[in-house]
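**Q** Here you go, one structure.
Quick note: the coordinates plus some simple rules give every number you see, no bench work behind them. What you see is a predicted model; the values in this text were computed from it and never measured. Every residue, glycine as well, gets a Cβ built from its backbone with ideal geometry; the counts of neighbours run over all protein chains shown.
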Amino acid sequence: MWIFDPGSERILEANAAAGALYGFSPEEFRSLKLADLLGEQESHRFMVEMRNPARPASSVWRQRTSSGRAIDVEMAIHEIDFLGRKARLAVLMDITGRRQLEDQLRQAQKMEAVGMLAGGVAHDFNNLLTIITGYSQLIANSLLPGDPNRQSAEQIMKAGERAAALTRQLLAFSRRQVLQPRILELNQLVHSLAAMLQRLIGEDVDLRLELRPELGRVSADPGQLEQVLMNLTVNARDAMPKGGALTIETANVDLDENYASRHIGVRPGPFVLLAVSDTGVGMDEATRMRLFEPFFTTKGSGKGTGLGLSTVFGIVKQSGGSVEVYSEPGRGTSVKVYLPRIDQAAITEPEQARRKTRRGTETILLVEDDEMVRTLVRETLARDGYGVLEASDPIEAREVAAGYTGQIHLLITDVIMPKVSGRALAEQMAHIRPDMKVLYMSGYTDSAVVATGILQKEVAFLQKPFTPAALAEKVRDVLEGNGKTRQAGE
Ligand SMILES: Nc1ncnc2c1ncn2[C@@H]1O[C@H](COP(=O)(O)OP(=O)(O)O)[C@@H](O)[C@H]1O
Ligand SMILES: [Mg+2]
């Protein structure tokens, strides 16, 4: 609370809570005018509102503390007698934190909506791109090397692959990507990328690594984390056209209740910090507000895609972490990625030897509701020598399986289909044909299928769009019992 004289606009008195909020001593308060707290313009507007008999009981004002920090306060004004003269009592509440949380919530809701849109578009595109790249590859393969049409088919394939790369970024942003997490040592990952990152930033930028020893482990998809590091590094490079320093730092941190309560979507607990900092141009507030939006870029056309940070955002969120950006114009930028820390030992899987034989004679039951994708997969499998039974939905699949007396070695099924999911189908079929292996394919996972978008370890999965070669390889892997979540062709 503080008391002021409406005539002279002087502050007459303030209580201890006001002292704590503004950082002024009682003496200092008594030497202030309204304009010192509200600023010239706002105090003028404030006095006009004071004279309005119809003003609301309370209203929100932006004010400044002794250190110049902006605070938002909700203020109610009462007429009182103070030491024998008429004065005004301001009773106020600091709502700066609440305002910031509201802003964060709005931001989070916006990202959620844009993510739904991007994810939906990407999902449908994946089916189309599977068809485009698949058939162009089949055409190219069927033509002699000298055939002029071969080049045309290859051009279509290339364009399809570029489009697929774009859709993958959109899926990453909308957190609908299939992650293949492993237990990782982040320091090791940074070390193994350092040479490549140095090449990326060029000679004018100094790469500094500050990797804390005894760093906790994280569970994340190594390929995706590399993507995160690369995107952040490219941004840092772009921000330092005249050179500078890029620092990559790791550390164990514990985020407490207090921190979590001020940051939407952050849970308290142990985390590993991965920070990428540059000494570049920095960002103003308008840019900071929008930098995670897909396609938001301040770089000229042809230079930026605006997908770098949205991809980072999606990957980190889907891995259970959070991202924070600290930046001021001219002061450089620091991007902090927090990933949940776990305590298990890191597992480094030995790389699997590539299979040579990609053909086979086994019988495969194919379930896919998109007719064109189904036809492509069927044709590819048939060319590779397999016997193919097909169905357009799980109900038909059960009928087909019931009417087939021989062994069915493999079920290949889309994950998301109307009515019954691919997973439910696989579970039902497991009772009838326990020896049958299962390969899922999808553009993304859905909460109904895998709660977090992370497949269980033992599930074999092929992400759309895929090429016939990737399909052939994956099918062999699964049939020979090496399926796991490793994706063929990657
Ligand atoms: N390290 C950085 N320093 C300054 N600005 C940055 C930095 N990283 C990102 N930005 C800003 O955020 C925008 C979005 O970044 P991003 O999503 O990676 O897209 P792009 O790099 O293609 O523009 C950039 O255009 C830039 O304005
Ligand atoms: Mg970028």
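**Q** Find the Cα radius of gyration of the stretch 195-290, compare it with 2.2 N^0.38 Å by division, and give the number to two decimals.
**A** Computed over Cα atoms of the stretch 195-290, the ratio equals 1.22.
**Q** Where does the chain land at 222 nm, in deg cm²/dmol rounded to the nearest 500, when only DSSP H runs of n ≥ 4 count, each adding -39500 (n - 2.57), divided by all residues?
**A** Helix contribution divided over all residues of the chain: -13500 deg cm²/dmol.
**Q** Turning to a different aspect of this structure: Once you charge only the Cβ atoms, +1 for Lys and Arg and -1 for Asp and Glu, what is the size of the charge dipole of the chain about its Cα centre, to the nearest 20 debye?
**A** 400
**Q** I need the semi-axes of the equivalent ellipsoid of the stretch 98-250: take the C-alpha gyration tensor, multiply each eigenvalue by 5, square-root it, list largest first in whole angstrom.
**A** Ellipsoid semi-axes (Å, largest first): 35, 25, 17.
**Q** Relative contact order for the chain: what is it in percent, counting Cα pairs under 8 Å that are at least 6 residues apart?
**A** 11
**Q** May I pose another question? Which GluC sites (Glu not before Pro) does the stretch 171-220 hold that lie in a coil by DSSP with at most 14 other beta carbons within 10 Å?
**A** Taking the stretch 171-220 and a limit of 14 other Cβ atoms within 10 Å, the loop GluC sites (Glu not before Pro) found are Glu203, Glu214.
**Q** Just list whichever of Lys110/Lys299; Lys419/Lys464; Lys110/Lys419 have alpha carbons separated by over 28 Å in the model shown.
**A** Lys110/Lys419
**Q** Now for a separate question. List the trypsin sites (Lys or Arg not before Pro) within the stretch 263-325 that fall in a DSSP loop (any state other than H, G, I, E or B) and whose Cβ has at most 12 other Cβ atoms within 10 Å.
**A** Lys299, Lys303
**Q** Moving to a separate point now. So how tilted is helix 371-383 from the main axis of the chain? Cα-based, degrees 0 to 90, rounded to 10.
**A** That works out to roughly 40 degrees.
**Q** Mind ranking 95-104, 215-224 by how tightly packed they are, going by the mean number of other C-beta atoms within 10 angstrom, highest first?
**A** Peptide ranking by packing, descending: 215-224, 95-104.
**Q** May I pose another question? Per residue of the stretch 401-416, in order, report the coupling 6.51 cos²θ - 1.76 cosθ + 1.60 (Karplus, θ = phi - 60°) as ³J(HN,Hα) in whole Hz, putting x for Gly and Pro.
**A** Using θ = phi - 60°, the values come out as 5, 5, x, 10, 8, x, 7, 10, 7, 8, 9, 10, 9, 5, 7, 9 Hz.
**Q** Evaluate 2.2 N^0.38 Å with N set to the residue count of the stretch 182-342, then give the Cα radius of gyration divided by it.
**A** Against the empirical 2.2 N^0.38 Å value, I get 1.00 for the stretch 182-342.
**Q** By per-residue mean of other Cβ atoms within 10 Å, what is the highest-first order of 4-14, 405-415, 426-436, 167-177?
**A** 167-177, 405-415, 4-14, 426-436
**Q** Would you mind ranking Thr130, Thr333 so that the residue whose beta carbon has the fewest other beta carbons within 10 Å leads the list?
**A** By the 10 Å Cβ count, ascending, the order reads Thr333, Thr130.
**Q** Could you tell me which of Leu273, Phe295, His191 has its Cα farthest along the dipole of the stretch 182-342 towards the positive end, charges placed at Cβ (Lys, Arg +1; Asp, Glu -1), taken about the Cα centre?
**A** After comparing all options, I get Phe295.
**Q** Okay, moving on. In whole Å, what are the extents of the stretch 363-479 along the principal axes defined by its C-alpha atoms, from largest to smallest?
**A** 36, 31, 26
**Q** May I ask for the angle, rounded to the nearest 10°, between helix 422-432 and the longest principal axis of the chain, with both axes built from Cα atoms and the value confined to 0 to 90°?
**A** 40
**Q** Relative to the longest principal axis of the C-alpha atoms of the chain, give the angle of the C-alpha long axis of helix 40-50, reported between 0 and 90° and rounded to the nearest 10°.
**A** Rounded to the nearest ten degrees, it is 70.
**Q** What percentage of all Cα-Cα pairs in the stretch 2-94 are separated by more than 19 Å?
**A** Across the stretch 2-94, Cα pairs with separations above 19 Å total 33 percent.
**Q** Among the listed pairs Lys242/Lys303; Lys437/Lys474; Lys303/Lys336, which are separated by more than 21 Å between their Cα atoms?
**A** As for pairs spanning more than 21 Å Cα to Cα, those are Lys303/Lys336.
**Q** Which order do the peptides 322-331, 375-384, 66-75, 304-313 come out in when sorted by mean C-beta neighbours inside 10 angstrom, highest first?
**A** 304-313, 375-384, 322-331, 66-75
**Q** Still on this structure, please answer the following. In terms of modelled amide H atoms, which long-range or inter-chain residues lie less than 5 Å from the amide H of Gly387?
**A** Correct list: Glu362, Thr363, Ile364.
**Q** What do the square roots of 5 times the Cα gyration tensor eigenvalues come to for the stretch 78-183, in whole Å, largest first, as semi-axes of the equivalent ellipsoid?
**A** Result for the stretch 78-183: semi-axes of 64, 13, 9 Å.
**Q** Taking N as the number of residues in the chain, what is its alpha-carbon radius of gyration divided by 2.2 N^0.38 Å?
**A** 1.30
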